[in-house]
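The values are calculated or read from the model by the stated rules, or taken from the named source; none is laboratory data. Please read these numbers as outputs of a predicted model, since none were measured by experiment. No Cβ is skipped: glycine too gets one built from the backbone with ideal geometry, and neighbour counts run over all protein chains shown. These area figures cover heavy atoms from the full protein model, side chains too; ligands, DNA and RNA do not enter into them. Shrake-Rupley method; radii C 1.70, N 1.55, O 1.52, S 1.80 Å.
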Amino acid sequence: MSFIAEFKKFALRGNVVDLAVGVVIGAAFGKIVTSLVDNIIMPPLGWAIGGIDFSDWKWVLRPGDAAAKIPEVAIQYGVFINVLIQFIIIAFAIFLVVKAINKLTRHEDKPAATPADVVLLQEIRDLLKQKDRAP
């Protein structure tokens, strides 16, 4: 099999295409959640706790100097809080999707043994017992 044919077979398998679609949809969903958190959830939350914008929270390690063109060095833990909230929302949304899919794809229980099956199994058991007793 040639290299190109092997690659074509790999790239067009169902799992690879499904994964690609999932990544594209996931990226789009991530942008939606980022906008939801940054533009809808965080402003009222910041307002409720005194007008604080989490994305501005930081721990400055070295202040910047615009005249000397020295950039500020800071740990921006407020941005981390925003990303953490985004993660929780995405995880909850995925949980709801998986729960809905599991509800839709109910697993059917195996059918119970019918009386004919039970009788047949009892006969086999009895024959095996008789075989063990025979000299």
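Can you tally the lysine pairs in the chain where the Cα-Cα distance is under 24 Å and the two residues are eight or more apart, or on different chains?
4
Provide the per residue accessible area, probe 1.4 Å, for the chain, rounded to a whole number of square angstrom.
Numbers: 11740 Å² over 135 residues.
With the other protein chains kept in place, the chain gives 87 Å² per residue.
Which ³J(HN,Hα) values, rounded to whole Hz and listed in residue order, are derived for the range 118-125 from phi using the Karplus coefficients 6.51, -1.76 and 1.60 in 6.51 cos²θ - 1.76 cosθ + 1.60 with θ = phi - 60°, glycine and proline given as x?
5, 4, 4, 5, 5, 5, 5, 4
Hey, can you rank 82-91, 61-70 by average C-beta count inside 10 Å, highest first?
Per-residue mean Cβ counts within 10 Å order the peptides as 82-91, 61-70.
Suppose only helical runs count, i.e. DSSP H with n ≥ 4. What mean residue ellipticity at 222 nm does that imply for the chain under -39500 (n - 2.57) per run, divided by all residues and rounded to the nearest 500 deg cm²/dmol? Could the numbers behind the result be given before it?
Numbers: 5 runs with 85 residues, N = 135.
Rounded to the nearest 500, it is -21000 deg cm²/dmol.
Could you work out the relative contact order of the chain? I mean the mean sequence separation of Cα pairs under 8 Å and 6+ apart, divided by the number of residues, in percent.
Contact order relative to length: 16 percent.
What percentage of the solvent-accessible surface of the chain, computed with a 1.4 Å probe over protein heavy atoms, is contributed by carbon and sulfur atoms?
Numbers: 8050 of 11740 Å².
It is 69 percent, rounded to a whole number.
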